[in-house]
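The values are calculated or read from the model by the stated rules, or taken from the named source; none is laboratory data. Every value quoted in this text rests on a predicted model; they were computed, and no experiment measured them. Every residue, glycine as well, gets a Cβ built from its backbone with ideal geometry; the counts of neighbours run over all protein chains shown. Protein only, heavy atoms only, side chains kept; ligands, DNA and RNA dropped before computing areas. Shrake-Rupley method; radii C 1.70, N 1.55, O 1.52, S 1.80 Å.
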Amino acid sequence: MQKLSLFGYGKTTKAIAKVAGNAIFYDDKCTKPFRDENGFMIKPSSEFNAKYSQVEIPSPGIPPSNPLIVKANNLISEYDYFADSLPLKIWISGTNGKTTTTQMMQHLLEPKGSEAGGNIGTPLAELSQDAKMWILETSSFTIHYTNMAAPNIYVLLPLSPDHLSWHGSMQEYIDAKLKPLSSMQEGEVAIIPDAYKDVETDAHLITYKDESSLAEHFGIDVNKVNFKGAFLADALLAIAVDKILFDKIDYDKINTFVLDPHRQEELRDAKGRLWVNDTKATNIDASIAALKRYKDSYIHLILGGDDKGVDLNELFEYLQNIDVIIYNIGSNKEKLSKLAKEYKVSFELCLNLADAISKIDENLKENEVALLSPAAASLDEFSSYAQRGDEFKEAVRNIS
């Protein structure tokens, strides 16, 4: 039995240990060795010695600069460890929408024997080897460390700047997302944005420019699909894979899918005015997608948080051409206000989320939209994007 080293004591590596049986964890947060309730040894990262390890598997979020990764000689990913598993493998990646696309695809294919996992929450080690298909939400972190495994079907959503500090540059991020294509074989299928149509691959390549071109290629009537905005593309990609595998389009089934909260979640206040909780929009692309959905209305946009140093000019180039006023919150609110002045976008500098909601309450008219779509992470002021969204919804419910 190989001596297996697991980097990081998390959900993914814990699941692998239960399958492998012979593993030692090395974790940056561990200060002295101990055994967990399952009898596995957890050691400080400093105690890892590559000479006594035959295989190393990292938790996906550990960056390449981490000393554990630098020392490793036999590094493989979770996906590589299960590369020889029998189920047909569908990988879904991209910057925004991959979770919803994965969920929608599972909704359509579960009656055909599929299981969903990967970045969506269930580690591969906990998926059934007897399943007909594995539908895997796949992060750029996982792909970076994957060198043996490859999907039978690869679905890539559009890419925009994300995780750049982890990857080092936008090009490195794009390269990671396109990496699976180099390992795919003839007879396998990849659906990717038209921007990457020149990528080299042996797979059958299907490219799309937008929702219309995607629908046209697969013969999908978008008027029969109930989802709009960013969710339309997610639904079309899910339908496309069902069409590839089973040559059918099940409009009734896809229309019964229920969206998760916190993505373009609509609610009305006591005065009947529309408020939209899109707190999960933690980057520019996601916020622009929400803005496009409501572009025919005057928008009161709550913006701000931890933007991780991303260049926000693209967002303001879009904002200057629509009817909008922004309410700036979070650790980057001064930066946002400066950009608003530069691009001549109306704005209010707010103390916090509650202050922004109070100001919007005073200004919001019946046919306008109040939109929380921050284009930034939440950890500067909240425990999670979900807490940010829950506080937004609670405040809206309390408007009298």
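Numbers for the structure displayed
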{"quantity": "Filter pass, Gly61 being farther than 29 Å from Ala176 by Cβ, small (Gly, Ala, Ser) and either out of contact with any helix residue (DSSP H, G or I) (no Cβ under 9 Å at 6 or more places or on another chain) or part of a loop (DSSP other than H, G, I, E, B) (or both)", "calculated": "no"}
{"quantity": "Qualifying residue in the range 300-315 (condition: in contact with a Cys (Cβ under 7 Å, 6 or more places away or on another chain), of a type outside the set (Val, Ile, Thr) and in contact (Cβ under 8 Å) with a residue 24 or more places away in the chain)", "calculated": "no"}
{"quantity": "Qualifying strands (runs of 3 or more DSSP E) (wholly inside the range 246-332; at least 3 residues being surrounded by fewer than 19 Cβ atoms within 10 Å (Cβ to Cβ) and not polar (S, T, N, Q))", "calculated": "265-268"}
{"quantity": "Filter result (polar (S, T, N, Q) and in a loop (DSSP other than H, G, I, E, B)) within the range 74-122", "calculated": "Asn74, Ser77, Ser85, Thr95, Asn96, Asn119, Thr122"}
{"quantity": "Residues that are part of a loop (DSSP other than H, G, I, E, B), open to solvent by less than 80 Å² (accessible area, probe 1.4 Å), in contact (Cβ under 8 Å) with a residue 40 or more places away in the chain and of a type outside the set (A, V, I, L, M, F, W, C), drawn from the range 376-400", "calculated": "Ser378, Asp380"}
{"quantity": "Residues of the range 158-189 satisfying the condition of being of a type in the set (Ser, Thr, Tyr) and more than 20 Å from Ala377 (Cβ to Cβ)", "calculated": "Ser182, Ser183"}
{"quantity": "1 or more residues in contact with a helix residue (DSSP H, G or I) (Cβ under 6 Å, 6 or more places away or on another chain) and at pLDDT 95 or above: qualifying strands (runs of 3 or more DSSP E) within the range 1-56", "calculated": "4-7, 23-27"}
{"quantity": "Scope the range 130-168; condition out of contact with any helix residue (DSSP H, G or I) (no Cβ under 8 Å at 6 or more places or on another chain), on the phi < 0 side of the Ramachandran plot and open to solvent by 40 Å² or more (accessible area, probe 1.4 Å); matching residues", "calculated": "Asp130, Asn152, Ser165"}
